[in-house]
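Student: Got a structure for you, written out below as structure tokens; questions coming shortly.
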Amino acid sequence: MTSRSPLDESRAARIVFVTQRVNPDDPVLGATVAKLRALAVRVDEVVVLADAAVPDALPSNCRVHLFRSSSKVGRGLRFEAALARELGRRPRPAAVVAHMCPIYAVLAAPLARPLGVPVLLWYAHWKATPTLRLAARVSSRLVSVDRRSVPLESRKVVGIGHGIDVAEFACGDGRPGAGLQAVALGRYSAAKGLDVVVRAARLALDRGVDLRLRLHGVASTPAEEADRDALVRLVAELGLAEQVLVGGPVPRHEVPALLHDADVLVNNMRAGAPDKVVYEACASCLPVLVSNPVFDELLDDLEPRLRFAREQPDELADRLAAFAALSTDERRALGRTLRERVVAAHSVDTWADRMLELAR
């Protein structure tokens, strides 16, 4: 077991963590559970405030309060009442961590900061909303994967890595079988640039690459449903029904097996949002092809082979063809190097240690 982080040992260390859902199988927020478990190893108690939670997902030193309500006002009132109770207990929490939703930090700051309890907003997204700007003003720190994964210029921004459960994503040994199996995972959203990936697949096939592409993700809003439907039409228009699958969401516990059944992950997310699935793929020893410049630190000297310009399907097709030409040993070496880098800088253990350092 990992030792506790060196917080003030004169008092019991408590952390309040605010998130939308606690469910290890949630296709979007399932990874949050690993972060909570890592924090729980390092402190005496983690108090989780959430809109929804499944039972028995967290260690015994975690307490969960639900603030679900049929209205936004009701959720806000229940959230603040639960937080006020926790702030009133002694010893006070070492910090309030607001996960991905800036409104949590906005609501928590007036209660926590006058008591000397820092508010840390974890945020990794490209969109700079008015609520995010307000949260930046009232939070103690804006914590993210990288300074560039928060779309604001602020001295409060600090990058600490993505927090990947590297034990969950064990190193695969390469997929058996012929051809190139590519996979793309994430929400069906225009920000993911999946149309470029599909067009690149058509070009790669036309150049003689024996390619299959699987897309999987959630479509939880009308806009995302429209984006998914547009991809289905594009696949038909390009004559790719046999080569490209536009699939549904994958439960969290099935993601490692899906990655092990692929040769390469393709990610075309717009700049500013480092998708965690890229780090999960790398932890699985699965090489990646990416367009987002925020991955330059991860790819480093490997970058020319594994990067492509975001709006250039022709360039991605070239990268797919070049990757298909690599030997099994060359692919394995790439994957193992990428895993080493995730373990060193993006594991859930290094994430939890740094988060608690910021709480001091």
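The values are calculated or read from the model by the stated rules, or taken from the named source; none is laboratory data. Note that this is a predicted model, so its numbers are computed, not measured. Here Cβ is always computed from backbone atoms with ideal geometry, including for glycine, and neighbour counts include all displayed protein chains. Each accessible area value is taken on the protein alone, full model and side chains, heavy atoms only, with ligands, DNA and RNA left out. Shrake-Rupley method; radii C 1.70, N 1.55, O 1.52, S 1.80 Å.
Student: Return a single number: how many Lys pairs in the chain, at a sequence separation of 8 or more or on separate chains, have alpha-carbon atoms below 17 angstrom apart. Before the final figure, lay out each step's value.
Tutor: Numbers: 35/276; 127/192; 127/276; 192/276.
Final tally of qualifying lysine pairs is 4.
Student: Here's another thing I want to ask about it. What angle do you read, to the nearest 10 degrees and between 0 and 90, between the alpha-carbon axis of helix 313-324 and the longest principal axis of the chain?
Tutor: The helix 313-324 is inclined about 80 degrees to the chain.
Student: Can you give the accessible area per residue of the stretch 246-360, in Å², using a 1.4 Å probe?
Tutor: Per residue, the stretch 246-360 has an accessible area of 38 Å².
Student: Solvent-accessible area per residue for the stretch 111-232 at a 1.4 Å probe radius, Å²?
Tutor: About 44 Å² of surface per residue is accessible.
Student: Hey, what number do you get for the chain at 222 nm if only DSSP H runs of n ≥ 4 count, each worth -39500 (n - 2.57), divided across all residues, to the nearest 500? Before the final figure, lay out the partial values.
Tutor: Working: 13 runs with 141 residues, N = 360.
That comes out to -12000 deg cm²/dmol.
Student: Angle between the Cα long axis of helix 194-206 and the longest principal axis of the chain, 0 to 90 degrees, nearest 10?
Tutor: Compared with the principal axis, the helix lies near 20 degrees.
Student: Classify the stretch 203-359 from the C-alpha gyration tensor, please: rounded if a/c falls under 1.5, else prolate or oblate depending on whether a/b exceeds b/c. Don't jump to the answer; show the numbers that get you there.
Tutor: Details: a/c = 1.82, a/b = 1.30, b/c = 1.40.
Oblate, because a/c is 1.5 or more while a/b does not exceed b/c.
Student: Looking at the stretch 110-198, which trypsin sites (Lys or Arg not before Pro) are in a loop (DSSP not H, G, I, E or B) and have at most 11 other Cβ atoms within 10 Å?
Tutor: Values: sites: 127, 133, 137, 141, 147, 148, 155, 156, 187, 192; in loops: 127, 155, 156, 187.
Here the sparse-neighbourhood loop sites are 127, 155.
Student: Please identify the cysteines of the chain that lack any partner cysteine with a Cβ under 4.7 Å from their own Cβ.
Tutor: 62, 101, 282
Student: Could you check how much of the accessible area of the chain is carbon and sulfur, as a whole percent, using a 1.4 Å probe?
Tutor: On the way: 7890 of 15370 Å².
That fraction is 51 percent.
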